[in-house]
Structures are given as structure tokens and as C-alpha cells.
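Trainee: Got a structure for you, written out below as C-alpha cells; questions coming shortly.
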Amino acid sequence: MTDRPAIPPETSSADSPTRNRREQIQEVAGRLFSERGYHATSMRDLAGQLGMQGGSLYAHISGKEDLLVEIVQRAARQFDAALLPLRGEALPADQKLREAMERHIRVVADNMESATVFFHEWKHLSPAAYAHVTSWRDTIDAFYRDLVAEGMREGVFRPDLDVKMTANLILSAVNWTYTWYRPGGALTPRDVAERYADMLLGGLRAP
């Protein structure tokens, strides 16, 4: 499996004033993009929410897409950090799938605004940035396909599964959580993952 191209590391000092201001801008941009949409949010909107003059934003960013790229890249890193270490875990495939779903949903639940931007607004990226996102999607698709195939080899999952369609079903369940899940409600991310996994595994497990 080929991983997506590496995303350049952030080089600013974490405690520098420029870095802190940029983080504030990213936070407000993530909220506005998730609430209003990328195209409906103007630089003037961002500046107004931050109490800045519109031109002052350009001392920190090169443009609005710069913020969208950073939000999407940060979300991709969070999913990578949560999911990809599971490749080497010595767990049966069904347990590994359950854990992957819980980690995936937790990333969404802990980062609702950036997850909304990531899953809904990434299509507005320019071609070069868009290619990074589609490469990431291919990597995560492959992660779940490999997990399904692993379960079939172990005899845990049914041997007649369509690997690609099964992985797509799992991804549809966990990715779409951002549209309805609300932190602080009756269900925790683990509750959601357990219920999803119980339903899915009921159809995946070998007799």
C-alpha cells in the first residue's frame, strides 16, 4: 500500500505571537467555514470576528484558501495519528475494526468544526491541494480495505465479502457522523462506535 505524500511539518514556534495569532485565525476560520461554508465566508467576515482590519489578515496568511488547506491538513494528520498505528497492533481483525471505528469517530467528535470542513468543504480546494486530500482518502480507504481483507484471511469475516464495498460501508458510517453527532449528548463516541460495530460485524462475521 502506498501512503499519501507527506504533509510538510509546521515550523513556527508554538509559543510565538505570530503562531498564536495564526492559530486564532485558523480556529475562527474553521468555525465560520463549518457554519456558513467556505465560499460564503469572506475575508471581511474573518477579520470582523477577530477584531482585525481586513488587510491585517494578510500579515498572517496568504489568502482564504491558505486557511482551508491548513484546516484540512490538520484534520488529515489527526486521522492518521489515530488510525494508522493500528496496522501493527496484535489484535484479531474484528477487534481491530471496532477500535478503528471508535478512534475514527472520536477524532470527528473532538473536532466537529474541522471535521465538517474536512468532509464537506475540501472540494473547494485548488487542484494541487485537492490532490493531497484525495491521496489521503486513498490511504484511509486502503487502511479499511486491508482490515477487511485481514479478517477474511483470519477466517473472522465471511469469505464472500466484497472488500471495497465493505470498506466503503464502514467509511460511510464513521465519516458521516459529523452530520448528526453532538458532543455532550446521550451517546459518547465509544457508544456510537460500539453500536455501529455491533450492527456491521453481525453481517461481516463468518458463521
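The values are calculated or read from the model by the stated rules, or taken from the named source; none is laboratory data. Everything numeric in this text was worked out from a predicted model, so none of it was measured. Cβ atoms come from the backbone with ideal geometry, glycine included; neighbour counts cover every protein chain shown. What goes into the accessible areas is simple: the full protein's heavy atoms, side chains included, and nothing from ligands, DNA or RNA. Shrake-Rupley method; radii C 1.70, N 1.55, O 1.52, S 1.80 Å.
Trainee: Could you give the size of the charge dipole of the chain about its Cα centre, using +1 on the Cβ of each K and R and -1 on the Cβ of each D and E, expressed in debye and rounded to the nearest 20?
Mentor: The dipole of the chain has a size of about 240 debye.
Trainee: So, R0 is 30 Å and r is the distance between the beta-carbons of GLU89 and TRP176; what FRET efficiency does that work out to, to 0.05? Walk me through the numbers on the way to the answer.
Mentor: On the way: r = 25 Å, r/R0 = 0.84.
That pair, GLU89 with TRP176, gives E of 0.75.
Trainee: Under 27 Å Cα-Cα from LYS96, which lysines qualify once same-chain neighbours fewer than 8 residues away are excluded?
Mentor: Excluding near neighbours in sequence, the set is LYS164.
Trainee: Which GluC sites (Glu not before Pro) from segment 70-142 combine a DSSP loop assignment with at most 13 other Cβ atoms within 10 Å?
Mentor: Listed in order of number, the matching sites are GLU89.
Trainee: Follow-up. Run the dipole for segment 37-97 about the Cα centre, Lys and Arg Cβ at +1, Asp and Glu Cβ at -1, nothing else charged, and hand back the magnitude in debye, nearest 20.
Mentor: Taking the Cα centre of segment 37-97 as origin, the dipole is about 40 debye.
Trainee: Any idea which of HIS132, GLY55, VAL72 is furthest toward the positive side of the dipole for the chain, if Lys and Arg beta-carbons carry +1 and Asp and Glu beta-carbons -1?
Mentor: The listed residue farthest towards the positive side: GLY55.
Trainee: Determine the shape class of segment 100-145: with a ≥ b ≥ c the square roots of the Cα gyration tensor eigenvalues, call it rounded for a/c under 1.5, and otherwise prolate if a/b is greater than b/c, oblate otherwise.
Mentor: oblate
Trainee: Quick one: net charge around SER62, please, counting Lys, Arg +1 and Asp, Glu -1 for every other residue with C-beta under 13 Å from its C-beta.
Mentor: -1
Trainee: Express in nm, to one decimal, how much length is gained between ARG77 and SER42 on full extension, taking 0.36 nm for each residue of separation and deducting their alpha carbon distance. Intermediate results must be reported in sequence, preceding the final value.
Mentor: Numbers: separation 35, 0.36 × 35 = 12.60 nm, distance 2.62 nm.
Extra length available between ARG77 and SER42 comes to 10.0 nm.
Trainee: Using a 1.4 Å probe on the protein heavy atoms, what percent of the accessible area of segment 68-157 belongs to carbon and sulfur?
Mentor: After summing per-atom areas, the C and S share lands at 52 percent.
Trainee: Does anyone have the angle between helix 127-154 and the longest principal axis of the chain? Alpha-carbon axes, 0 to 90°, nearest 10?
Mentor: 20
Trainee: Along the charge dipole of segment 65-207, pointing to its positive end and built from +1/-1 on Cβ of Lys, Arg, Asp and Glu, which listed residue (ALA81, HIS120, GLY202) has its Cα farthest out?
Mentor: Ranked along the dipole, the leading option is GLY202.
Trainee: To the nearest 0.05, how large is the calculated FRET efficiency for GLU23 and GLU194 if R₀ is 25 Å and r is the Cβ-Cβ distance? Mind dumping the intermediate values first?
Mentor: Working: r = 34 Å, r/R0 = 1.35.
That gives a FRET efficiency of 0.15.
Trainee: Can I ask one more? Rounded, prolate or oblate, given the Cα gyration tensor of segment 168-207, with a/c below 1.5 counting as rounded? Each step should come with its number before you reach the end.
Mentor: Working: a/c = 4.36, a/b = 1.73, b/c = 2.52.
Taking the square roots of the gyration eigenvalues as a ≥ b ≥ c, segment 168-207 is oblate.
Trainee: In terms of modelled amide H atoms, which long-range or inter-chain residues lie less than 5 Å from the amide H of ARG205?
Mentor: So ARG205 has HN proximity to ARG158.
Trainee: Now for a separate question. About the Cα centre, and with charges only on the beta carbon of Lys, Arg (+1) and Asp, Glu (-1), how big is the dipole of segment 115-194? Nearest 20 debye, please.
Mentor: Computed about the Cα centre, the dipole is about 200 debye.
Trainee: Quick one: accessible area per residue over the chain, 1.4 Å probe, rounded to a whole number of Å²?
Mentor: Averaged over the residues of the chain, the accessible area is 51 Å².
Trainee: With axes computed from alpha carbons, what is the tilt in degrees of helix 17-36 against the longest principal axis of the chain, rounded to the nearest 10 within 0 to 90?
Mentor: For helix 17-36, the angle is close to 70 degrees.
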